[in-house]
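So the structure is just underneath, and the comments pick up after that.
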Number of protein chains: 2
Amino acid sequence: MTELSFTRDPRTADGVIERDFALHGVPGILWLPELPAATAPLLLLGHPGGLEGMRARLRGRAQAAAVSGFASAAIELPGSGERTPIPGVQEARGEVRAALQAGEPVSADTIDRLILPLVEASVPEWRTLIDALQALPEIGGPVGYAGGVISIGVRLARIEPRVVAAGLFAGSFVPRAILAEAREVTIPLHVLLQWDDVGNDRQAALDLFDAFGSTEKSLLANMGGHTGVPASAGEHAGRFFERHLGAV
Amino acid sequence: MTELSFTRDPRTADGVIERDFALHGVPGILWLPELPAATAPLLLLGHPGGLEGMRARLRGRAQAAAVSGFASAAIELPGSGERTPIPGVQEARGEVRAALQAGEPVSADTIDRLILPLVEASVPEWRTLIDALQALPEIGGPVGYAGGVISIGVRLARIEPRVVAAGLFAGSFVPRAILAEAREVTIPLHVLLQWDDVGNDRQAALDLFDAFGSTEKSLLANMGGHTGVPASAGEHAGRFFERHLGAV
């Protein structure tokens with residue numbers, strides 16, 4: 001039994017219908033193609049948390065996905081926005097900041113305490129979101145995961161059989177346990193890496209890409225920093241999901 | 001004064017007109033779009049040498065380029081096919097083979113003696129080819145370089161102002177001098193890397209990508225070995241050249 005309730009009137013924005021919802025009290029946003037097919041495949045839009053601040057950027061990604069006939073959705077992450085902080089994560093974030101400011105490497109232990117509780121808490125929520133959205137008449141068929149937090153994407157790709165393809169944004173620290181899980185991921189993957197992203201560990205991203213067990217995996221690296229992903233990369237990711245979720 | 005002579009009647013093959021030529025006695029192939037625009041931008045198709053054996057694969061790349069409205073051309077490399085061997089290169093190739101069979105790293109000195117003479121001998125020929133082909137009424141506008149030998153592409157990208165964009169195939173050893181030249185390359189670049197290409201040094205390819213001075217550069221890595229470049233990579237490269245040479 002899922003508890004999805006729409007919390008605001010639908011709004012139309014350039015090819016999508018935007019619908020705010022709450023799922024067991026967690027805020028989320030659904031974007032349906034304005035001109036839907038019978039049922040639209042679903043793209044889960046991964047993000048770093050702070051859904052309201054991400055709304056405009058996520059809407060842009062949903063608009064591009066709607067051109068391919070996909071519905072898109074995102075929910076707030078545990079510990080972000082108005083949600084209750086996850087114990088220990090704030091402390092780990094402080095350690096990361098201190099290490100970066102001191103020009104020191106971030107310890108593997110700190111990365112574990114920053115990321116693993118978030119993966120544990122959020123992945124069941126994304127799975128419940130799939131349950132709830134696939135119960136809607138507008139949505140059906142395969143599911144894709146697109147974006148960061150990459151460790152959440154890795155876990156979902158490994159354990160959720162409805163997620164058949166993932167486009168992952170290499171933009172966060174990766175715990176050792178997630179690197180080990182990556183070997184068991186076998187679905188088609190497309191990894192996006194911003195080569196000169198100062199807040200990101202490039203070698204860790206390359207190691208993670210290498211670790212994935214998938215026979216179909218591709219890595220696309222671009223310049224331009226964390227927020228400078230070029231339009232061509234979006235097009236490429238769009239074609240990737242069209243191949244794997246079914247093009248319009 | 002260039003000496004280009006066509007050596008065979010034109011043949012039509014799936015969207016292109018294939019014209020064999022000799023340029024100062026060096027064999028080459030030109031593919032013109034069957035339905036040309038006023039003048040077609042020119043794509044130089046890099047290859048590892050042995051033009052006749054590469055003809056079918058190069059034709060496939062030329063056919064894809066013709067969809068974007070581009071003419072494509074390739075000439076035999078110095079020392080390949082029927083051409084006179086380059087002194088020292090055969091010996092260096094033997095050393096590479098022996099090192100790989102022994103599971104030993106190939107020395108930087110061997111790589112220099114394998115690749116640098118080829119770059120020195122071939123780059124002036126590719127430049128003469130541009131002169132000759134741009135004198136034809138069917139060809140004009142900017143030039144791109146697409147394929148391997150990557151060191152030839154780097155040198156052309158650095159010194160030939162008519163080459164405005166390069167799609168480079170990371171499939172050969174890279175001399176230290178070429179890595180140094182890469183820092184002076186500033187044109188838009190798209191680098192294709194086969195991640196599990198056993199005959200290729202992945203780290204050297206990543207180092208080379210990192211070294212390029214271009215503010216617009218992208219790296220696309222795929223699985224599938226040296227000859228297993230997926231169709232999606234071809235599409236992506238096609239869009240790259242459409243952006244930089246002018247789309248149809």
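Just so you know, all these numbers are worked out from the coordinates, no wet-lab data involved. The structure displayed is predicted, hence computed values, not measured ones. As a convention, Cβ positions derive from the backbone with ideal geometry for all residues, glycine included, and neighbour counts pool all protein chains shown.
Worth pointing out:
- Each other copy places its own label point for B:Thr227 at 4.8 nm from this one, sorted shortest first, where the point lies 7 Å along the Cα-to-beta carbon line.
- Nearest-first distances (nm) between copies at A:Ser107, label 7 Å from Cα via Cβ: 4.5
- Estimated FRET transfer efficiency (A:Asp207, B:Arg176; beta-carbon r; R0 30 Å; 0.05): 0.75
- Percent of beta bridges antiparallel (DSSP, segment A:1-122, rounded to nearest 5): 85 percent
- With a simple spin-label model that places each label point 7 Å from the Cα along the Cα-to-Cβ direction, the separation between B:Ile159 and A:Ser107 comes to 5.4 nm.
- Low-density loop positions, GluC sites (Glu not before Pro), segment B:3-84 - DSSP coil, at most 13 other Cβ in 10 Å: B:Glu3, B:Glu34, B:Glu82
- In this simple spin-label approximation, A:Gln134 and B:Arg183 carry label points 7 Å from Cα along the Cα→Cβ vector, and these lie 5.4 nm apart.
- Centre separation in Å (Cα based) which lies between segment A:1-32 and segment A:87-121: 32 Å
- Residue with peak Gaussian network fluctuation, chain B [Cα springs, cutoff 10 Å], from B:Ala13, B:Ala231, B:Ala65: B:Ala231
- Computed [θ] at 222 nm, helices only, for chain A once each DSSP H run of length n ≥ 4 contributes -39500 (n - 2.57): -13000 deg cm²/dmol
- Here B:Phe6 and B:Thr39 are evaluated by their C-beta separation; at R0 = 25 Å the FRET efficiency comes out at 0.85.
- For A:Asp196, the amide hydrogen comes within under 5 Å of the amide hydrogens of A:Gly224, A:Gly225, counting only partners 5 or more places away or on other chains and with H modelled in the peptide plane.
- Extended-chain gain in nm, criterion 0.36 nm per residue less alpha-carbon gap, A:Asp196 and A:Ala13: 62.6 nm
- Highest-MSF residue in chain B out of B:Ser232, B:Ser172, B:Ser68 [GNM, Cα springs under 10 Å]: B:Ser232
- Estimated inter-spin distance, B:Ala56 and B:Arg93, nm [label 7 Å along Cα→Cβ]: 2.2 nm
- Mean-square fluctuations from a GNM of chain A, with a 10 angstrom spring cutoff on Cα atoms, peak among A:Gln101, A:Gln194, A:Gln63 at A:Gln101.
- Long-range amide H partners of A:Leu220 with built H, under 5 Å: A:Val191, A:Leu192, A:Leu193, B:Ala221
- Copy-to-copy label separations for B:Leu35, where each label sits 7 Å from Cα toward Cβ, in nm and ascending: 2.4
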